[in-house]
Structure formats: C-alpha cells, structure tokens
1. Quick check on my filter: what residues within segment 52-85 are in a strand (DSSP E or B) and free of Cβ contacts under 8 Å to residues at least 12 places away in the same chain?
2. List every residue pair whose Cβ atoms sit under 9 Å apart, with the two residues 6 or more apart in sequence or on different chains, where the first one lies in segment 34-51 and is assigned by TED's automatic domain parsing to the domain that holds A172 and the second, anywhere, is within 16 Å of ligand 2 (Cβ to nearest atom) and of a type in the set (F, W, Y).
3. Look through S210, S227 and report the one residue that is part of a strand (DSSP E or B), among the small types (G, A, S), under 19 Å from the mean Cα position of the chain (by Cα) and more than 16 Å from ligand 2 (Cβ to nearest atom).
4. Checking the conditions here, which among A56, A66 is under 30 Å from R225 (Cα atoms), at pLDDT 90 or above and within 16 Å of ligand 2 (Cβ to nearest atom)?
5. In segment 16-47, how many residues are part of a strand (DSSP E or B) and more than 7 Å from ligand 1 (Cβ to nearest atom)?
6. Does L28 qualify as being touching a helix residue (DSSP H, G or I) at 6+ places or on another chain (Cβ under 7 Å), assigned by TED's automatic domain parsing to the domain that holds E174 and among the hydrophobic types (A, V, I, L, M, F, W, C)?
7. How about segment 48-59: which of its residues are more than 10 Å from the chain's Cα centre (by Cα) and within 6 Å of ligand 1 (Cβ to nearest atom)?
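The values are calculated or read from the model by the stated rules, or taken from the named source; none is laboratory data. These numbers come from a predicted model, not from an experiment. Cβ placement follows ideal geometry from the backbone for every residue including glycine, while neighbour counts extend to all protein chains displayed.
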Amino acid sequence: MADGAILCEGVVRIFTAQGVEVQALQGLDLRMTTGEMVALVGASGSGKSTLLGILAGLDRPTAGSASVAGHDLTTMRGAERLEYRRRSVGFVWQQSARNLLPYLTARENVRMVHEVARVVPRSEREAYGDELLELLGAAEVAGKRPAEMSGGQRQRVAIAVALANRPRALLADEPTGELDEQTSAEVLGAMETVNRERGVTTLIVTHDASVTEHVERTVRIRDGRTSTETLRRTSTDDDGRSVRTAQEYAVLDRAGRMQLPADFVSALDLRERVRLTLEPDHVRVAPGQHASRNDARDANGDAS
Ligand SMILES: Nc1ncnc2c1ncn2[C@@H]1O[C@H](COP(=O)(O)OP(=O)(O)OP(=O)(O)O)[C@@H](O)[C@H]1O
Ligand SMILES: [Mg+2]
C-alpha cells in the first residue's frame, strides 16, 4: 500500500498574539510508520492541536520539517496544499457538530466528501460509503441527520466522513472529548478496527486514559516537545493467558536532549546544574550545586 508515514523533526511553531510570543512547539520529533496507530497525550496548552493543525495542512511550522505520506508540509503551496487536504488526510474534531453538516444524513455527509474529493470512482461511491458506515458500526443511522443521532453515533459517522476520501492518514483531535466513558471506549474501538482493517496511519489526541487499551504506543508532549513514549505489548504467559505490559521511555532527540519527569526533578530538588556520571549500563543524574547558592562552592565541589 502507498506510504502513509508521518515524520516530524525539530518542528517549531511560534504564535505572536498582541506582541507576545508563544512557542507552542519547540523542536518536536515524531515518527510514525505506515498503518501505525498512536495516541498523543499531554497537558492543556502543550501543543497537541497545534501539531495536528500542521499535519492536517491547515497551519505551517515556523521551523523544522514535517511530512505526511511523502508530502512535505513545510514547502507545500496553495494548490498542492488543497489537494493534500482533499486526498491524503482525514480529520475528526472534538466537537461532533463541527464534523458533520447538520442538514444532511450520515450517508449524504459521506457522499458530500466523495463529490468534493473525487477520489472514489462514481460507480463505487454508494457501496463504499455504506461499507464505511458498516465498518464503524453506524449503519443503522445511515439515513439519519446529526440531530437524530447520539454523540457516539455522530463521532462514528464523523470518522466515516474523514475516511471517505481514502486518506493515508487519519488525524483526530479529542474525538471522544464529549462522550461518556462507555461510548468513548466504543468509538476508540471503532477507530482501532478501521486502523487494523484499512491500514490508515492514525494519530489520536486524547485526554482519555482508556485509549491505552487501543494503541500500542502513546506519545506524551510537554512544553511543545515529545517527552515520553509508552509502548505496550500483549504477550502470553506460562499459563497461556494473554498479559498486557507497558513500559514508559524518555525520548532522546538527535542532539542528546531529554526531559526529566517533573516528579523526579522535584523529588531530588534538581535545579540548574545536575551531575551526570556514565556507569557501565546507565547514566546517573545527581543533584549538583545551585548557581544561586554559591558559584565558588560549586567550583570547590567539582575539585574535591
Ligand atoms: N492561533 C494561536 N495564536 C496564539 N497562540 C496560540 C494559537 N494557537 C495555539 N496557541 C497557543 O499555543 C499553545 C499550544 O496550544 P494548543 O492548542 O496546541 O494546545 P493543546 O495541547 O491542544 O491544549 P488542549 O489540551 O487544551 O487542547 C497554547 O499556549 C496556546 O495558547
Ligand atoms: Mg487542543
């Protein structure tokens, strides 16, 4: 299948509002292989939506490189950008009302994308649209308008609409933000099914802790940079039961930079200077002298 990789390297996005500069992304790295499904988490204001806007071709990075399915998002101009949005990416927003046209039924919303994107041949559109709604468990609302659907049904239809142009990548910004726990789990499950069956590279921004059940990789951003990644595996134990294990890793960028977890920093009162020691199989980080206390003492400390 065609390449659907997402590659970001050192992505910077600076907004200037009323003379004040906000560094929303500060050198973010992210690599996703074709067909991978990743959850993107992080505190409010950490830059998640900014990243999705860039990947969706709606916004441009201030610096760094970003590409999706072979399209360079930093150099792309008008017509190519429009083509990219029409044919290569699908997008789902948190507000279900923003995803669908209120006066059209689910089936008509999907058809609308077909008309605009013109990716799926005319003769295949009807069957393809119904197949998508079926795959997402939204077949029973095919003839209903958004106002006649539940929140979960609206988001399932929204995902079908996002996939109608047969995109290489699906981007979803808090698609379950307005849903209760049970419905969220169902919608995330539907996304997992789509990802598995269609091989669409899927990036989901979420605050929903249960997303970990549905993805093998969770990327956390902090202050506009990827700080940690959690990888999950399902393995079989000695008794033949399947066990799910998770391991969290800090992310090291090309320049050798990484972020220490905030609770580690506060537990040892790490500030300004830390002492690094190379051990045979790990690196030790120990509190150093605080510059604010006494620079001379620090120099003495180093000599002893
Ligand atoms: N158009 C804009 N103009 C100015 N500042 C912006 C703009 N868009 C985002 N920001 C700022 O950039 C930072 C990152 O915002 P972003 O919306 O990406 O965060 P987020 O991680 O999606 O947060 P949330 O979880 O609340 O949705 C914030 O400080 C925000 O105020
Ligand atoms: Mg956001």
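1. D72
2. Partner pairs satisfying both residue conditions: T50/F15.
3. Values: S210 fails: part of a strand (DSSP E or B).
Sole residue among the options that is part of a strand (DSSP E or B), among the small types (G, A, S), under 19 Å from the mean Cα position of the chain (by Cα) and more than 16 Å from ligand 2 (Cβ to nearest atom): S227.
4. Criteria check complete, one pass: A56.
5. Looking only at segment 16-47, we keep the residues that are part of a strand (DSSP E or B), and these are 16-17, 20-32, 37-41.
Applying the additional criterion that residues be more than 7 Å from ligand 1 (Cβ to nearest atom) yields 16, 20-21, 23, 25-32, 37-41.
Looking only at that region, the number is 17.
6. Yes.
7. T50
A quick yes/no check of all residues on (1) of a type outside the set (D, E, K, R); (2) under 22 Å from the mean Cα position of the chain (by Cα); (3) buried (at least 18 other Cβ atoms within 10 Å of the Cβ):
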{"residue": "E126", "(1), (2), (3)": "no, no, no"}
{"residue": "A138", "(1), (2), (3)": "yes, no, yes"}
{"residue": "S150", "(1), (2), (3)": "yes, no, no"}
{"residue": "R154", "(1), (2), (3)": "no, yes, yes"}
{"residue": "A172", "(1), (2), (3)": "yes, yes, yes"}
{"residue": "T183", "(1), (2), (3)": "yes, yes, no"}
{"residue": "E192", "(1), (2), (3)": "no, yes, no"}
